[in-house]
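Worksheet: one structure, shown below.
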Amino acid sequence: MSVATDYDVHDLSQADQGKLRIEWAGSQMPVLAAIRERFAKERPLAGIDLAACLHVTSETANLALTLAAGGANVRLCASNPLSTNDEVAASLVHHHEIPTFAIKGEDDTTYYKHLEAAASTGPKMSMDDGADLVSLLHTKLTDKLPGVIGGTEETTTGVIRLRSMEAKGVLRYPIVAVNEADTKHLFDNRYGTGQSTIDGITRATNILLAGRNVVVCGYGWCGRGVTMRARGLGANVIVTEVDPTRALEAVMDGARVMPIAEAAKIGDIFITVTGNIHAIGIEHLRAMKDGTVVANSGHFNVEIAIEAMEQETTRRTVRPFVEEYTFKDGHRVFLLAEGRLVNLSAADGHPAAVMDMSFANQALCAEYMAKNAGSLERRVYDVPLEIDREIARLKLRSLGSEIDELTPEQQNYLESWEMGT
Ligand SMILES: NC(=O)c1ccc[n+]([C@@H]2O[C@H](COP(=O)([O-])OP(=O)(O)OC[C@H]3O[C@@H](n4cnc5c(N)ncnc54)[C@H](O)[C@@H]3O)[C@@H](O)[C@H]2O)c1
């Protein structure tokens, strides 16, 4: 066995535990396994230097192994300082020779040093979860830009940043927005974030959700999932929104909808999934009841006004991932995981069966990018429909479900306008 020589992980002696974790996740990722098998034969990514900035989890490890099976030289760093699984990072280096730069709890300086290490060899392709790598290549490492043929982006927040770069004319290479695939956001953002966010909150606090007022800020794909699962555990869900259509949907789904200023006074547990800054402002934190729990599952830790809260409170750690902030009037707010993605910080992130589809999209989009690099413009592209459909078909089959095919008569009916009653 050869070990990567270029890496920065917590402790290589944890590698064997990591190997077991990677195998366990892999056993629930049949679509990615099928792609890996094909990649090993066809080598569509042969010789491509690929820098990946993703949450370093056992599911991501399976993606990295798939890309490597396809011939890519993968260098991996974390897309969040708290989401790394150190055992998995160690195994990637020790068993799989994948240069990995990720340590759970790394400070901001190390986080950015790791990003630079992943991109240091001058990647041909970038794979992002939050667009930090793209951003680095477009600012500090512009000398490496000419060699990049394209990239992929995993999450909503990253896609928003990239579309803004495209609109301002500064995006220098094409990106496929993996998040926009139906087989990604309909499942990952909804069922994955829904389940794992509640998992993170209950692991960190062991709090009972039944009968409590759970306030979900943002009723997008993630918010719908979190709402569904919190309700399943008996919570009374309150939704805050800024989009009237989404708010209407929340009302018709059975939630109470109100402004955050009102929700702040009655909520027991707050979960932000807006992808926006200060969905919970300092004035709302001030108004909360004593003992309120506040967590974020959106991409960045900007959704809660943490810095402002720090200025007017005293603080102590009461459990792992639970910080108690006491305001001068005596009321306490418990902030989970420093306001970072609670599902990845305090739990294991999304279940592997969901990441199977998200990462199948990543792998197939990397292949698509390698094949079509020359013909793509400096734009943000949606995932091609054939890729999306193929992943749904493979996943359905792995779950033991078959579906019907349109008969020629039905096909004809759907394509005609003459036939009526
Ligand atoms: N935790 C995870 O593992 C995970 C997984 C997928 C996505 N994400 C992240 O979660 C966030 C949400 O993703 P999504 O796919 O649900 O996005 P989305 O765009 O579908 O939904 C976001 C919703 O928040 C609403 N919103 C915006 N500002 C608001 C405010 N101030 N108050 C209340 N509502 C507000 C928007 O109107 C929208 O309906 C993003 O940052 C995304 O990157 C996290």
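Some observations on this one:
- The stretch 158-205 - residue that is basic (Lys, Arg) and either touching a Cys at 6+ places or on another chain (Cβ under 6 Å) or more than 18 Å from Ile391 (Cβ to Cβ) (or both) and, of those, farthest from the ligand (Cβ to nearest atom): Arg172
- The set of residues in the stretch 278-297 that are more than 14 Å from the ligand (Cβ to nearest atom) and among the hydroxyl-bearing types (Ser, Thr, Tyr) contains only Thr292.
- Qualifying residue in the stretch 381-395 (condition: assigned to a strand (DSSP E or B) and touching a residue at least 40 places away in the same chain (Cβ under 8 Å)): yes
- Sole residue being away from the ligand (no atom under 16 Å from the Cβ), touching an Asp or Glu at 6+ places or on another chain (Cβ under 8 Å) and farther than 30 Å from Met309 by Cβ, chosen from Leu406, Leu364, Leu376: Leu364
- Selection status of Leu63, out of contact with any Asp or Glu (no Cβ under 9 Å at 6 or more places or on another chain), outside any loop (DSSP other than H, G, I, E, B) and touching a residue at least 60 places away in the same chain (Cβ under 8 Å): yes
- Filtered residues of the stretch 57-101 (kept if out of contact with any helix residue (DSSP H, G or I) (no Cβ under 7 Å at 6 or more places or on another chain), among the hydroxyl-bearing types (Ser, Thr, Tyr) and under 21 Å from Met125 (Cβ atoms)): Thr60
Residues are listed down the side, and each one gets a yes or a no for (1) surrounded by fewer than 20 Cβ atoms within 10 Å (Cβ to Cβ); (2) at pLDDT below 95; (3) more than 18 Å from the chain's Cα centre (by Cα):
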| position | (1), (2), (3) |
| --- | --- |
| Thr5 | yes, yes, yes |
| Asp16 | yes, no, yes |
| Val31 | no, no, yes |
| Glu42 | yes, no, yes |
| Ala51 | no, no, no |
| Leu54 | no, no, no |
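- Residue pairs meeting the criteria (Cβ under 7 Å; at least 6 apart or on separate chains; first polar (S, T, N, Q), in the stretch 265-276; second in a strand (DSSP E or B) and within 13 Å of the ligand (Cβ to nearest atom)): Thr272/Cys217; Thr272/Ile280; Thr272/Asn296; Thr272/Ile304; Thr274/Cys217
- Out of Asp243, Asp253, one residue alone is within 14 Å of the ligand (Cβ to nearest atom), closer than 29 Å to Asp356 by Cα and either free of Cβ contacts under 8 Å to residues at least 40 places away in the same chain or acidic (Asp, Glu) (or both). It is Asp253.
- Where a residue in the stretch 282-299 is over 14 Å from Val322 (Cβ atoms) and hydrophobic (A, V, I, L, M, F, W, C) and its partner, wherever it lies, is more than 14 Å from the ligand (Cβ to nearest atom) and outside any strand (DSSP E or B), with Cβ under 8 Å and at least six apart: Ile282/Ala308; Ile282/Met309; Ile282/Glu312; Leu285/Ala308; Leu285/Met309; Ala287/Lys265; Met288/Lys265; Met288/His331
The values are calculated or read from the model by the stated rules, or taken from the named source; none is laboratory data. Keep in mind that this is a model prediction, so the values were computed, not measured. Counting neighbours? That spans all protein chains shown, and the Cβs are built from the backbone with ideal geometry, glycine included.
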